[in-house]
Amino acid sequence: MFEVIYYSWSGNTKKVAEVIAAELGVTAENVKKKRGLAKDSFVFLGSGCYASRPGKKLRRFIAENDFKGRQVALFGTSGDGKGNEVRAMEQLLKPKGAIIKSSFYCQGKTFFLFYRGHPSQKELANASKFAKQMKEAQTTKEEKAVGTKGRKNIRKPKQSKGKKKKKS
């Protein structure tokens, strides 16, 4: 099960969150309305960049929730597109025991309307690819975990070499 949780002031990160959620077949949830995490979910967390950090509400959400042993993928948007918000989220999550699987970040338009048109269609397509890769990796992992567990090892009888005996 996947969850996509984001904080977005200007709507850039919301766009990325919605593309990721669509690829995963879930609904993106604004952290302002989110109270906790579903048991054993793989969580995608995203934020815009505010003074090189994720949004305050997302930082609070991370602080208030248990991430021990939980798989997390991070995503973010920023005016410079360098991913400082993503690295900051990782620094908040690691001490809480989160398992950071991967991250994605791209440029977004800024408060002064610089970088209009970001995230671009190409960047949104890359966000979708990112989600697809995470989903496929998780699906493969779950299949391996199930494996042959609970199945009996049934062997086919060996066929004798040579000619078959004729029925009389």
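The values are calculated or read from the model by the stated rules, or taken from the named source; none is laboratory data. Since the model is a prediction, treat every value here as computed from it, not as a measurement. Neighbour counts are summed over all protein chains in view; Cβ atoms, including those assigned to glycine, are modelled from backbone coordinates with ideal geometry.
Any idea which residue in region 25-50 is modelled with the highest pLDDT, counting only those that are crowded, with 19+ Cβ neighbours inside 10 Å and more than 18 Å from residue 98 (Cβ to Cβ)?
Taking the candidates together, the pick is 28.
Residue by residue, here is whether (1) assigned to a helix (DSSP H, G or I); (2) touching a residue at least 12 places away in the same chain (Cβ under 8 Å); (3) over 13 Å from the mean Cα position of the chain (by Cα) holds:
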position	(1), (2), (3)
19	yes, yes, no
38	no, yes, yes
44	no, yes, no
68	no, yes, yes
92	yes, yes, yes
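Taking the residues in region 94-103 that are touching a Lys or Arg at 6+ places or on another chain (Cβ under 9 Å) and not basic (Lys, Arg) as candidates, determine which candidate is surrounded by the most Cβ atoms within 10 Å (Cβ to Cβ).
Only one residue tops the list, namely 98.
Regarding residue 60, is this residue of a type in the set (Lys, Arg) and either surrounded by fewer than 17 Cβ atoms within 10 Å (Cβ to Cβ) or at pLDDT 95 or above (or both)?
Spelling it out, residue 60 is indeed of a type in the set (Lys, Arg) and either surrounded by fewer than 17 Cβ atoms within 10 Å (Cβ to Cβ) or at pLDDT 95 or above (or both).
Show the residue pairs that are 6+ apart or on different chains and have beta-carbon atoms under 8 Å apart, the first residue being within region 1-17 and farther than 13 Å from residue 127 by Cβ and in contact (Cβ under 8 Å) with a residue 60 or more places away in the chain, the second being among the hydroxyl-bearing types (Ser, Thr, Tyr) and surrounded by fewer than 24 Cβ atoms within 10 Å (Cβ to Cβ).
2/41
Within region 63-80, how many residues are in contact with a strand residue (DSSP E or B) (Cβ under 8 Å, 6 or more places away or on another chain), surrounded by fewer than 17 Cβ atoms within 10 Å (Cβ to Cβ) and not acidic (Asp, Glu)?
Of the residues in that region, 1 qualify.
Can you find, within region 70-82, the residue that is modelled with the lowest pLDDT among those that are outside any loop (DSSP other than H, G, I, E, B) and not β-branched (Val, Ile, Thr)?
Looking at the filtered set, the residue picked out is 78.
Of the residues 18, 64, which single one is within 24 Å of residue 135 (Cα to Cα) and either among the basic types (Lys, Arg) or out of contact with any Cys (no Cβ under 7 Å at 6 or more places or on another chain) (or both)?
One residue alone meets the criteria, 18.
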